Amino acid sequence: MLFGKAESAFTLRFLGGLHPDGRAMQISHYPQIDIGDHDIVLIEGNNLAGCPLTKCSTGRFRISGEKIFTEEGRVLRKGDPQEKSLFRYGTFLSIPELATQEFTHPKSGKKVVVRMKRSAPEKAPAAEADQMTLSDLNEAIERIKKGQSTQTVVSSANVQQKIPAVALLAKAPPKAPAFTASKIKDAKEAQEIADIEKNGGNPVLGNGGGQ
């Protein structure tokens with residue numbers, strides 16, 4: 001625990017996963033977390049929302065080989081002192097943690113490993129040699145902590161408790177405005193309307209040039 005206080009074993013609840021009948025529910029832009037993953041997470045709304053992380057997947061930092069990546073495998077670069085930024089985003093890479101996704105059946109306990117398709121390069125380009133390491137990110141977090149009181153992290157999630165959700169109610173579409181025909185200005189406009197009706201509703205284009 002880098003910021004705040006929590007018990008040694010801490011449970012986060014995410015909407016989705018496997019149903020008892022074997023079907024899987026996967027939510028777009030929700031973090032895909034496997035056993036053995038090494039992450040730094042920013043927790044917010046645990047057990048109160050479908051995703052207990054700050055801005056969901058944005059609140060997860062992957063640690064792979066002591067290097068820091070985003071949820072999607074994007075390189076996290078050191079911040080720019082002139083811009084007063086803690087970090088910057090770099091290239092997307094095919095890190096090992098993104099290569100597979102493991103599911104465990106809730107009843108049988110059988111594990112299924114799904115191989116994910118990735119086309120990103122395996123190594124960061126030389127221009128991104130300033131990629132953040134775990135110690136770099138820890139130092140950045142320590143800088144944020146200065147001058148702030150230590151907080152208690154929201155209690156560990158109860159896996160038996162239902163995640164609250166908004167009830168979606170059907171709503172009738174708005175009524176279309178009543179059709180009102182505009183008045184014909186003159187004989188020329190009346191002739192144009194007659195020509196369009198005669199042509200099956202298609203507009204009639206004149207030859208122009210007096211021909």
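Taking the stretch 64-89, which residues are in a loop (DSSP other than H, G, I, E, B) and more than 15 Å from the chain's Cα centre (by Cα)? Write out each step before concluding.
To start, the set of residues in the stretch 64-89 that are in a loop (DSSP other than H, G, I, E, B) comprises 65-66, 71-73, 79-80, 84-86.
Scanning the stretch 64-89 gives G65, E66, G79, D80, K84, S85, L86.
What number of residues within the stretch 44-58 satisfy the criterion of being in a loop (DSSP other than H, G, I, E, B), in contact (Cβ under 8 Å) with a residue 24 or more places away in the chain and either within 14 Å of the chain's Cα centre (by Cα) or crowded, with 18+ Cβ neighbours inside 10 Å (or both)?
Looking only at that region, the number is 5.
Looking only at the stretch 72-93, decide whether some residue is out of contact with any Lys or Arg (no Cβ under 6 Å at 6 or more places or on another chain), touching a residue at least 24 places away in the same chain (Cβ under 8 Å), buried (at least 16 other Cβ atoms within 10 Å of the Cβ) and at positive phi.
yes
Within the stretch 177-198, can you find the residues that are surrounded by 10 or more Cβ atoms within 10 Å (Cβ to Cβ) and among the β-branched types (V, I, T)?
I184, I193, I196
Taking F61 as the residue in question, decide whether it is among the aromatic types (F, W, Y), assigned to a strand (DSSP E or B) and in contact (Cβ under 8 Å) with a residue 40 or more places away in the chain.
yes
Name the residues in the stretch 4-22 that are charged (D, E, K, R), in contact (Cβ under 8 Å) with a residue 12 or more places away in the chain, part of a loop (DSSP other than H, G, I, E, B) and loosely packed, with under 12 Cβ neighbours inside 10 Å, would you?
Result: E7, single match.
Looking only at the stretch 23-43, how many residues end up being without any contact (Cβ under 8 Å) to a residue 60 or more places away in the chain and part of a loop (DSSP other than H, G, I, E, B)?
11
Give the stretch 94-128 a look and list any residue that's surrounded by 12 or more Cβ atoms within 10 Å (Cβ to Cβ), part of a helix (DSSP H, G or I) and either at pLDDT 75 or above or among the polar types (S, T, N, Q) (or both), or say none.
E97, L98
The values are calculated or read from the model by the stated rules, or taken from the named source; none is laboratory data. Being a predicted model, the structure only gives us computed values, none of them experimental. We place every Cβ from the backbone using ideal geometry, glycine too, and count neighbours over all the protein chains shown.
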